[in-house]
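The structure appears below as structure tokens.
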Amino acid sequence: MIKAILVFNNHGKPRLLKFYQHYSEEQQQQIVRETFQLVSKRDDNVCNFLEGGTLIGGNDYRLIYRHYATLYFIFCVDSSESELGILDLIQVFVETLDRCFENVCELDLIFHVDKVHHILGELVMGGMVLETNMSEILLRIQEQEKLEKQEAGISAAPARAVSAVKSMNLPQQIKDLKLPDLPGLSNLKNAF
Amino acid sequence: MPAVKGDGMRGLAVFISDIRNCKSKEAELKRINKELANIRSKFKGDKTLDGYQKKKYVCKLLFIFLLGNDIDFGHMEAVNLLSSNKYTEKQIGYLFISVLIEANSDLMKLIVQAIRNDLMSRNPVHVNLALQCISNIGSRDMAEAFANDLPKLLVSGDTIDFVKQSAALCLLKLFRNSPDVMPSPDHASRIVHLLNDSHMGVVTSAASLIEALSKRWPDDYKGCVSLAISRLSRIVTATYTDLQDYTYYFVPAPWLCVKLLRLLQNYPPPEDPSNKARLLECLEGILNKAQDAPKSKKVQHSNAKNAVLFEAIALIIHMDSEPNLLVRACNQLGAFLSHRETNLRYLALESMCLLATSEFSHEAVKKHQETIINSLKTERDVSVRQRAVDLLYAMCDRTNASEIVAEMLTYLETADYSIREEMVLKVAILAEKYANDYTWYVDVILKLIRIAGDYVSEEVWYRVIQIVVNREDVQGYAAKTVFEALQRPACHENMVKVGGYILGEFGNLIAGDQRSAPQVQFELLHSKYHLCSIGTRCLLLTTYVKFCNLFPEIKHIIQEVFRTDHNLKNPDAELQQRAVEYLSMSKVATPDVLATILEEMPPFAEKESSLLAKLKKHKPQVEELESVAQEKKSRPQAVMAQDGGAVGSLVDLDHSAHSEAAALVDIFGSPSTTTTSTNNTATQPTGEPVVANKDDYSKFVSKLNGVLYEDETVQVGCKLETRNNLARLGMFYGNKTQTPFTDFKPVVVCPGALSVQLQAQAKPMDAVVAAGTQVQQLINFVCVQEFNRTPIIQVSFNYTPTSGQSTHFDKFLYLPIFINKFFEPTEMTSETFFARWKALGIPSQESQRIFIAKHPIDSTQVNAKLTGIGAKLLSDVDPNPENFVCAGIIHTQTQQIGTLIRLEPNKQAKKYRLTVRSSKDAVSKYLCDLLADLF
């Protein structure tokens, strides 16, 4: 069973936190800090499994993680999960994100927290692996999209009309934002 | 346009950009607070917020939460979103709830209601959202609310595939979090048949669910074995094109394979020959595929393939019946040991640890010793080195012990600080366990202290002293070696302690040599004296006074030392007292008296090494390995008395268990060190009152009625009836005096965790018990879950004894309620018994004790006692007619705990070996302790 999924960047800033057991805000942040301490000092070519991490679990728990460009993806799992299986699940998650966001990068995770959660929800449910087949996952997400579009089309029209007027030049606005340089995650296929 | 990016919420994007542009933490906080205030006022004031706006604000709150700020409002708005009929709004509402709401929130009732509505929905995506939410929260409320609906949803023919898939996992999550709430396995056969479903996603989820359920109801889910095997065989023999979507980098359905292989590890190897043949074929197939040339160079391909392979090896190890496969597995892992992927090396070392404990593959593992030692030396990653250490420990036996210990010692010099203490323990245990020659043992331990003195815990150096004291043949050598070790310029304090103790006892054995003449010994020790802590100095003073006895010729020098101001007037009371007392003792006592007082220490009582206990505490998985090893190979335990040493009377169990630690503590002189004996002390929990019948209440383990307590005032009797998880205890209070008892009040107390595990309800009683009469009280017990403490009754009343003075009587008594009272006897044939026995093969499920018989070994008496404990005594089951085996089910409200007992008497040695296996670890341990007291 997966106890928690953490995604943070090379500086330890959380980008996605999903706990399958309740922790208070403070504990969550502490877990992120501790986990970051543990993984950030490891070389890229050492093994992807890690024991330790006193806050979550204890002896039966392991951290299984992958490092892609600027982001760490960390799954905290107990011994009922296959280590390599989870490692591949991380890969499936990232590949799915990559398909959904077309060359996913850290910014996508920041600006679309809700979407990322929904995608994750199709892979992992309540700490258990729900679906591992990427085309199935993408299919479900497309269905969600369709629903979203329909609903947006009918009832959100007035609200969207207003917001459209308010921000005529929104795409440009976003592009103009000053952002730190973030290498894309798209080269993940040769990351190893 | 990317699929998901879609049309974001403008306000959200702007807010996030603002935050990211903040130059400082303070600015960021300011911006967040501004936004929080804004959202708060929006939620409060503006009643006309539409769904889109609510959604936007909820998203903002999520982002703020992610940044590490607590969110204390917005919950109600999120719950409102749940009842929206728009999917997107509902979705964001559910997201907020699963991220932010605590299981015991006040809003839970509303949430449950909203979920219930969505579960009923005709729209499968709504059902799915609800299921996701249930499993993300997974609280007890959820379990209680939906435990009955979910199985129906799962097995219904109308449910579409992806809902089934979620429903299976949802049920699994609830089952894991609140196993007691799940209804009995009504739907077992239909759930099992999900393994045949045509949708692979459903099969994968179902396999996870069945894996968990079959642990609890192995019999009801037995059918899954053959289905799992046939499913597995279809996947393994499939070429990767058959499964299309579920093929991951050319590996057919790896996750499902892993799940199925896990599931099969819950059962013993199949008995049905065709199933068995098919399973073996699968396993061979998987091993064969591992040899094939990779179909892709991608790491994902090899990862997926190896995930399946490792799980297959785990199953082979679990079956432990196919020598051929075990050896093949071992060779495969051996090849991984030098693989360039670090992950594979790590996993190979870990799996090999298990292989090393199987008698079939132990030898095969040993072939790789060199590679393993090499990885200890060259591996860059500490997690991998740690695995290598574990494996070396597991594979060590008499033939390779000296080499492995030597390698571990070498490694210790450069080992990471984090694992040193554990390594020291391991080396110490191996050295003791496999010592052919105790001089080697002494060498190893002294080297250990020299290399890693700081990490040598008290247990380790206590142990070496015990062994030296108990073994005459090694004493001279030990004295000589410590003397040499002390001569080195740098010398760890632990070495001084060991040296001090050993020279104090056996210094005379080397005093003949001029180089280690008495005075030289003394001066050598005393040269370290001032560098040591108070505790060690106290120990050294004892050594000195022992020298007074051993070497009268240097007595005057020693007296001088006692007499110095920094000893005689030391601010430390213990040190000062020793100096004063030893000084006057050496002055006053005659040589004969001195010789008697300062006699050599008697041998220590033999028992399991405290080192093992310490290591187990340190690393629970070691315990597993340890007990697996004991069971399968009956490796020598860490009690060296077994290999017929020169000293005859090493086993001396009459000594109280405390004596070894106590004796050392005495020498050491610091009361705080008694902590080392904690694992010997009886299980009297702190904070429990003094119990009047604590010495003999254990006889009720095998009795249903009898006298709990009696004195000249009162007699307390009891009579127990049990059915399933219920017990009714009749208590009889007899007034033996000539006057009535007043304020008579018996109160039942379930201390600590017991109050949850065992519910007790006592009928109220009259406050007066007339003179010379007996009253009865009924107490009902419900065993909610397994427990390991004993309920207590506090009996208090006032009475007037013949002397005339009114007296208050107030005593605590243990009630005769033990876990075994809830046994239901189970009849079994020899076959089923041993099949179950094997099925309970997880090391933690077993508890074993070897103990000296307290009563003569008489089979009729043992029979009677075993029948008395409530399990079924099975005749003609054990191949050895001398042995006793029992089987039964312990009923608790939350579950039934299958439990097997085996008692093997050894009439020559007047000992028993008692083994208890139970599906609950805690039960086997507690029961083993309880029963061991009976025989």
For this session: Calculate, in nm to one decimal, what B:LEU49 and B:VAL782 gain on full extension: separation in residues at 0.36 nm each, minus their alpha carbon distance.
Result: 258.6 nm
Seminar exercise, completed: For region B:681-817 (alpha-carbon point model, no solvent) the Debye-based log₁₀ I(q)/I(0) at q = 0.12, 0.19 Å⁻¹ works out to -0.48, -1.13
Seminar exercise, completed: Between B:ASP180 and B:GLU553, the FRET efficiency computed from the C-beta separation at R0 = 56 Å comes out, to the nearest 0.05, as 0.15
Problem set entry | Per-residue mean of C-beta atoms belonging to partner chains within 10 Å, peptide A:74-85 | 5
For this session: At 0.36 nm per residue, minus the direct Cα-Cα distance, what do B:GLN908 and B:GLU560 gain on full extension? Give it in nm, one decimal, please.
Result: 119.8 nm
Seminar exercise, completed: So the angle from the long Cα axis of helix B:659-668 to the longest Cα principal axis of chain B, reported in degrees to the nearest 10, equals 70
Exercise. Out of region B:46-118, which trypsin sites (Lys or Arg not before Pro) are coil in DSSP terms and have no more than 11 other C-beta atoms within 10 Å?
Worked result: B:LYS47
Problem set entry | At R0 = 30 Å, FRET efficiency that the Cβ-Cβ distance of B:ASP158 and B:LYS222 yields, to 0.05 | 0.60
Seminar exercise, completed: Computed from the beta carbon distance with a Förster radius of 30 Å, FRET efficiency for B:ARG31 and B:LEU107 to the nearest 0.05 stands at 0.55
Exercise. Using 0.36 nm per residue, how much length does the chain from B:LEU568 to B:GLU271 gain when fully extended, once their Cα-Cα distance is taken away?
Worked result: 99.2 nm
Exercise. In terms of the Cα gyration tensor, with a ≥ b ≥ c the square roots of its eigenvalues, is region B:102-183 rounded because a/c is under 1.5, prolate because a/b exceeds b/c, or oblate?
Worked result: oblate
Seminar exercise, completed: Exposure-ranked with fewest Cβ neighbours within 10 Å first, B:ARG917, B:ARG723 stand as B:ARG723, B:ARG917
Exercise. If we restrict to alpha carbons, what Rg and Dmax does chain B come to, in Å?
Worked result: 34.4, 103
Exercise. Going down the list B:LYS259/B:LYS614; A:LYS146/B:LYS55; B:LYS164/B:LYS276; B:LYS433/B:LYS911, which pairs span over 28 Å between their C-alpha atoms?
Worked result: B:LYS259/B:LYS614; B:LYS164/B:LYS276
Problem set entry | From phi via Karplus (6.51, -1.76, 1.60), per-residue ³J(HN,Hα) for region A:96-108 in Hz, x at Gly/Pro | 5, 4, 4, 5, 5, 9, 6, 6, 4, 9, 3, 4, 4
Exercise. Which loop GluC sites (Glu not before Pro) in region B:265-307, with loop taken from DSSP, have no more than 16 other Cβ atoms within 10 angstrom of their Cβ?
Worked result: B:GLU271
Seminar exercise, completed: Rounded to whole angstrom, the alpha-carbon centroid of region A:86-112 lies from that of region B:47-61 at a distance of 26
Problem set entry | With Cα atoms, 0 to 90° folded angle of helix B:299-319 axis to chain B main axis | 60
For this session: For chain B, find the longest principal axis of its Cα atoms and tell me its angle to the long axis of helix B:830-839, 0 to 90°, nearest 10.
Result: 80
Problem set entry | ³J(HN,Hα) computed for each position of region B:440-447 - Karplus, 6.51 cos²θ - 1.76 cosθ + 1.60, integer Hz, glycine/proline x | 4, 4, 4, 4, 4, 5, 5, 5
For this session: Starting from the Cα of A:SER40, step 7 Å along the direction of its Cβ; do the same at B:LEU524; then give the gap between the two resulting points in nm.
Result: 5.2
Exercise. Cα gyration tensor of the protein assembly as shown, axes a ≥ b ≥ c as square roots of the eigenvalues: rounded (a/c below 1.5), prolate (a/b > b/c) or oblate?
Worked result: prolate
For this session: Collect residues whose amide H, placed 1.01 Å from N in the peptide plane, falls under 5 Å from the amide H of B:VAL784; neighbours closer than 5 in sequence don't count.
Result: B:LEU758, B:GLN759, B:GLN893
Problem set entry | Neighbour-count order for B:CYS548, B:CYS224, B:CYS750, B:CYS22, fewest beta carbons within 10 angstrom listed first | B:CYS22, B:CYS750, B:CYS548, B:CYS224
Problem set entry | Neighbour-count order for B:GLU599, B:GLU211, fewest beta carbons within 10 angstrom listed first | B:GLU599, B:GLU211
For this session: Please work out whether region B:201-287 counts as rounded, prolate or oblate from its C-alpha gyration tensor, where a ≥ b ≥ c are the square roots of the eigenvalues and a/c under 1.5 means rounded, while otherwise a/b larger than b/c means prolate and anything else oblate?
Result: oblate
Exercise. Under the Karplus relation 6.51 cos²θ - 1.76 cosθ + 1.60, θ = phi - 60°, what is the ordered set of whole-Hz ³J(HN,Hα) values for region B:125-131, x standing for Gly and Pro?
Worked result: 5, 5, 4, 5, 4, 4, 5
Problem set entry | Relative contact order (%) - region B:1-101, alpha-carbon pairs under 8 angstrom, separation at least six | 22
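Read the figures in this text as sums done on the coordinates, not as results from a lab. It should be emphasised that the depicted structure is a prediction, and the values quoted were computed from it without experimental measurement. Neighbour counts are summed over all protein chains in view; Cβ atoms, including those assigned to glycine, are modelled from backbone coordinates with ideal geometry.
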